[in-house]
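J.: First, the structure itself, so that you have it in front of you.
The values are calculated or read from the model by the stated rules, or taken from the named source; none is laboratory data. Just so you know, these numbers come straight off a predicted model, no measurement behind them. Glycine also receives a Cβ, built like all others from the backbone with ideal geometry; neighbour counts cover every protein chain displayed. The protein model used for the area step is the full one, side chains on, heavy atoms only, and it has no ligands, DNA or RNA in it. Shrake-Rupley method; radii C 1.70, N 1.55, O 1.52, S 1.80 Å.
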Amino acid sequence: MFPVQLANGCRGPGAGTTTNEVGPSLPGTRHPAPDTLLPNAKCYFRHPSIRLRDVMSRIGWDQYFMNIAYDVARRSTCIRKGRQIGTVIVNDHHEIVASGYNGNPRGMRHCEETGCIREKEGIPSGERSEVCTAVHSEQNALLQAGTRSRGGTLYTMFNPCNTCAKMVANAGIIRVVYTVDYPEKMGLKVLRDCGVNVKKLAPFERKQP
């Protein structure tokens with residue numbers, strides 16, 4: 001436990017000054033935990049002897065936007081295990097222009113109500129994609145982005161399928177970043193044949209602040 005410095009903007013008395021109130025230390029260390037809520041001060045503190053970056057390393061842009069794609073996937077309505085996919089489209093100023101997740105078209109009941117036709121027919125992932133009622137996450141993101149996708153980067157969890165890859169290329173996306181190999185590989189060939197830069201992001205741990 002350490003005496004801490006109240007951050008500027010605190011609602012408690014003595015904001016921006018040192019208080020005798022103590023805060024918790026980081027587990028397994030002698031360092032104070034940054035940005036911990038003090039019950040009496042009703043604000044977050046930052047100890048003057050430690051920077052936040054000393055505790056949590058800063059992630060790069062690719063990992064940053066891929067983290068967001070994984071969060072977008074949590075909106076997916078697909079009920080197949082491991083097939084909840086998220087996509088984010090980013091312009092050359094590192095601004096998000098659109099996002100999308102996979103699921104049935106507007107107005108159609110979700111698969112959790114109707115059941116999965118692919119599961120019923122025993123179709124493996126990556127095969128006979130025409131037998132599916134869902135719109136892929138890349139397609140939904142491209143629809144939302146419109147012409148704003150031109151010259152941008154598309155972050156998606158799985159490499160795009162053949163159909164999505166053709167749409168990505170025609171939308172003017174110049175770079176695709178993904179983390180997981182999709183069983184169908186033709187989409188990767190289409191992207192490369194169209195001059196789209198493709199990067200497989202190495203597995204990483206999603207760091208929590």
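J.: Please work out which residue is surrounded by the most Cβ atoms within 10 Å (Cβ to Cβ), limiting yourself to the stretch 168-187 and to residues that are outside any loop (DSSP other than H, G, I, E, B) and within 21 Å of the chain's Cα centre (by Cα).
T.: Residue satisfying both the conditions and the ranking: 168.
J.: Take the stretch 155-167 and flag every residue that is under 19 Å from the mean Cα position of the chain (by Cα) and either among the hydroxyl-bearing types (Ser, Thr, Tyr) or over 19 Å from residue 83 (Cα atoms) (or both).
T.: Of everything in the stretch 155-167, those that are under 19 Å from the mean Cα position of the chain (by Cα) and either among the hydroxyl-bearing types (Ser, Thr, Tyr) or over 19 Å from residue 83 (Cα atoms) (or both) turn out to be 155, 156.
J.: Within the stretch 44-90, which residues are at pLDDT below 80, touching an Asp or Glu at 6+ places or on another chain (Cβ under 8 Å) and either under 15 Å from residue 157 (Cα atoms) or surrounded by 14 or more Cβ atoms within 10 Å (Cβ to Cβ) (or both)?
T.: Selection gives 44, 45, 46, 79, 80.
J.: Another one. Take the stretch 109-163 and flag every residue that is open to solvent by less than 30 Å² (accessible area, probe 1.4 Å), charged (D, E, K, R) and at pLDDT below 70.
T.: Once the filter is applied, which keeps residues that are open to solvent by less than 30 Å² (accessible area, probe 1.4 Å), charged (D, E, K, R) and at pLDDT below 70, the stretch 109-163 yields only 118.
J.: Further, regarding this structure: Take the residues in the stretch 188-209 that are charged (D, E, K, R) and not in a loop (DSSP other than H, G, I, E, B), then tell me which one is least open to solvent (accessible area, probe 1.4 Å).
T.: 199
J.: Looking at the stretch 68-81 only, could you name the residues that are assigned to a loop (DSSP other than H, G, I, E, B) and touching a strand residue (DSSP E or B) at 6+ places or on another chain (Cβ under 9 Å)?
T.: 76, 77, 78
J.: Contact list please: Cβ distance under 8 Å, first residue in the stretch 140-152 and part of a helix (DSSP H, G or I), second residue open to solvent by 40 Å² or more (accessible area, probe 1.4 Å) and not basic (Lys, Arg), pairs at least six apart or on different chains.
T.: Matching pairs, first to second residue: 140/101; 141/99; 142/167; 144/99.
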